[in-house]
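Notes to accompany the following structure.
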Amino acid sequence: MTTLTIDKAGPTRKAKYGSMSRDRAWALRWSYFFLIIFAIFSLTPPIYMLITSLKSSAEISAATNPWWVFHPTLENYVGLLTSNQFLRFFWNSAMVSIFVVTITMLISVPAAFALARMRFWGSTVLATGVFLTYLIPETLLFIPLFKMFAVFGDFTGIQLINKWYVLLILYPTLTVPFCTWIMIGYFASIPKELDEAAIIDGASWFQTLTRIFIPVALPGLIAATIFAFTVSWAQFLYPLVFTTSTDQLVMPVGIITTLIKGDVFNWGQIMTGALLGAAPPLIIYAFLMDYYIAGLTAGATKG
Amino acid sequence: MAEVNLRKVVKRYDEVEAVRGIDLDIADHEFVVLVGPSGCGKSTTLRMIAGLEDISDGDIMIGGDVVNDVPPKDRDIAMVFQNYALYPHMTVAENMSFGLRLKRYPKAEIKARVDEAARMLDIVELIDRKPKQLSGGQRQRVAMGRAIVRNPKVFLFDEPLSNLDAKLRVQMRIEIKKVHQKVRTTTVYVTHDQVEAMTLADRVVVMNHGRIEQIGTPTELYHKPATRFVASFIGSPAMNFIPCRLEDAGGKVQIRLSDKIVFPLPAAQAARYQKIPRTDKLLLGIRPEHVTEASAHVEPGIEPFDAVLDVTEPMGMETLIYFTMQGAQVCGRVNPNAGAKDGAPLRLAVDLNNMHLLNEVTGAVL
């Protein structure tokens, strides 16, 4: 009886295993196929930017193969990096991003902690509300916001429009809701017993947040930081609308407004500026990726 | 160290009453185990003592002070959680010293206390590891260490061994008992495992449906259960319950289990149950160890009868037998050499000196 069962099960299992590995092989092939297509698709623009940034204006407008550099030159880089204007844009962008990331984290981490852990009246509704505000596109918001700042300026005499620091008020409306939402998710995944243990150990809410939650949810914190940085570094619409003087511009807008003169496109410098602009986020991603992937909650509880 | 007192403690969640007015006095140095099935309110009670849950009504006192509105950190308690709840980013030493560091103890004293607790729990060589580098049993030791270094008034354990495998559980049970013998801190321990309750406790509190069914030493609960719930919950295999009636026959009291099976009650039991109305529906409660194979010599109160066994379970040192009587499954423990076989008849004996009589309707032990 027993032998019979084994005989029956043997071949069936083998066949099944074989088909599974064949499925897996095909799945791998397909995933590589699509990954390669995706890689080509997403890497072509930066490569084209790099190629163009190494050409002189004459070579760009010449009817040669656009995918090859015949006379490589660094003149675009030298031109931009020695231009006070471009350095000003870079500086403005850096200031805006650093401040916005700081402001965002200072608001959204405690907010997320409160919404995830301190059960108070309406906390769930509030948490959903926070997320819903993120869903309103900035293209809808910029006109009323502009009007608001104009009226505010008229009443108080404090002119915020056309100052780079107006962006420090505007960007958090985009970053805070989303970062709060990310952090709520991370904080919610921390076992309840961990804060109970901390509370019994004598920690206040603030100490529980700073000494337990923030270290444990560090990957989430880094994800939120990256998001806030990317948004404030790459935001285009708000600075285009709210800042106009050249010394107040941030890089994305600065490149467009100063390097396009009428219908003359300075392609070499535009591409160089875009590449230089993309460098800081790339460096930051590369640096933080290890922390981001590391799962820090392992070992807190069983499992 | 301190006594803990609960006075008419109630916990309500919206419409559900999880704990329904509990009175409990725990003496200084005592090890009390709250035991009961899941949802009986034992964990809620513990969490109310810890201050992690508000109490809806009543008073909780620790060391004579009412602590109803005192936050957990000021209650001077330490808690060990089922899932350990170690801080994953801290080493074992940092985990254990976290509470002391928050209270700004001098570094030398923190180190001394941590070292002492580590020695007591045999985790000295693990002191610089992170929780994820530890096994389940080691994590549980660290969690206990974190409680010990605080030197609190009361230890609270919330099912600390439930996540461990059976062998480790037995080992850690002994470990917990040893620790309590050394530090003598008042301990409240919650478990659903009656074996843990019986082995660890000075006194066991059996809870069911948010109420205390009975409080007593393990021996008291085992030999003198107050209700059917306690009788069936404590002891493994559980107590047998067989429908029965009392009868008078020639001035003596006898117990009728079926048309054929009637036993005379021993004198002590006859006197005790004399006043029970003969019409009451009753249950004979008898523990498996009091249903054994019949022996050759007759002893008072031990009555022989015949049964056909449904199932036998050889355990090595004994054989568990199962048969049906009056529609109730009855378990007995016989000598492995008694010749018990599945489906075979066996001459058995019931020890009525150790019987219990229960009211079938109220479940009360008479």
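The values are calculated or read from the model by the stated rules, or taken from the named source; none is laboratory data. None of these values were measured; they are calculated from a predicted model. Neighbour counts run over all protein chains shown; Cβ positions are idealised from the backbone, glycine included. Quick note on the areas: whole protein, heavy atoms, side chains included, nothing else; ligands and nucleic acids left out. Shrake-Rupley method; radii C 1.70, N 1.55, O 1.52, S 1.80 Å.
Longer than 23 Å from Cα to Cα, which of A:Lys192/B:Lys11; B:Lys132/B:Lys167; B:Lys132/B:Lys178 are they? Say none if no pair is. Over 23 Å Cα-Cα: B:Lys132/B:Lys178. Orientation-averaged projection of the protein assembly as shown equals 48.1 nm² [convex hull of Cα atoms, one quarter of hull surface area]. Heavy atoms of the protein chains alone define the surface here; on that basis chain A has 58 Å² accessible area per residue at 1.4 Å probe size. Using a 1.4 Å probe over the heavy atoms of the protein chains, calculate the carbon and sulfur portion of the accessible area of the stretch B:90-228 as a whole percent. So the carbon and sulfur contribution to the accessible surface is 49 percent. Counting only alpha carbon atoms, the long axis of helix B:107-121 and the longest principal axis of chain B meet at about 30°.
Across the stretch A:236-242, coupling constants 3J(HN,Hα) worked out from phi with the 6.51/-1.76/1.60 Karplus curve, θ = phi - 60°, read 10, 5, 4, x, 5, 7, 8 Hz, and Gly and Pro carry x. Taking every C-alpha pair closer than 8 Å and separated by at least 6 residues, the mean separation divided by the residue count of the stretch B:136-233 gives a relative contact order of 20 percent. Coupling constants for the stretch B:285-299 follow from the phi torsions by the Karplus curve (6.51 cos²θ - 1.76 cosθ + 1.60, θ = phi - 60°), and in residue order they are x, 9, 6, x, 5, 9, 10, 10, 5, 6, 9, 5, 8, 8, 10 Hz; glycine and proline get x. Using C-alpha pairs below 8 Å separated by at least 6 residues, the relative contact order for chain B is 16 percent.
Given H placed 1.01 Å from N in the peptide plane, which residues other than close sequence neighbours of B:Arg211 have an amide H under 5 Å from its amide H? Excluding prolines and chain starts, which carry no amide H, the hits are B:Arg20. When the convex hull of its Cα atoms is viewed from all sides, the stretch B:100-184 shows a mean projected area of 6.0 nm². Summing both sides, the accessible surface hidden between B and A at a 1.4 Å probe radius is close to 2300 Å².
The Cβ shell under 15 Å around B:Leu34 holds other residues with a net charge of -4, Lys and Arg each +1, Asp and Glu each -1.
Shown for the stretch B:36-79: residues covered by the partner protein chains by 20 Å² or more of accessible area relative to the chain by itself (probe radius 1.4 Å), namely B:Arg47, B:Leu52, B:Pro72, B:Lys73. Remark on the stretch B:95-142: accessible area falls by at least 30 square angstrom from chain-alone to full-complex state for B:Phe98, B:Leu102, B:Lys132, B:Arg139, probe 1.4 angstrom.
Here the accessible area is traced with a 1.4 Å probe on the protein chains. For the stretch B:240-359, carbon and sulfur cover 52 percent of it.
Burial here means at least 20 square angstrom less accessible surface with every protein chain in place than with the chain by itself, probed at 1.4 Å; in the stretch A:198-214 the buried residues are A:Ile199, A:Ile200, A:Asp201, A:Gly202, A:Ala203, A:Gln207, A:Arg211, A:Ile212.
Over the stretch B:4-226, with the other protein chains present, what is the accessible area per residue in square angstrom, probe 1.4 angstrom?
It amounts to 42 Å² per residue over the stretch B:4-226.
When you filter the trypsin sites (Lys or Arg not before Pro) in the stretch B:153-226 for DSSP loop state and at most 16 other Cβ atoms inside 10 Å of their Cβ, you are left with B:Arg184. Judged by the mean number of other Cβ atoms found within 10 Å, the most tightly packed of the peptides B:263-274, B:134-145 leads the ranking B:134-145, B:263-274.
Kirkwood radius and radius of gyration were both taken over the C-alpha atoms of the stretch A:184-270, and their ratio Rg/Rh is 1.33.
Determine the relative contact order of chain A: mean sequence separation of Cα pairs under 8 Å and six or more apart, normalised by residue count, in whole percent. After rounding, I find 27 percent.
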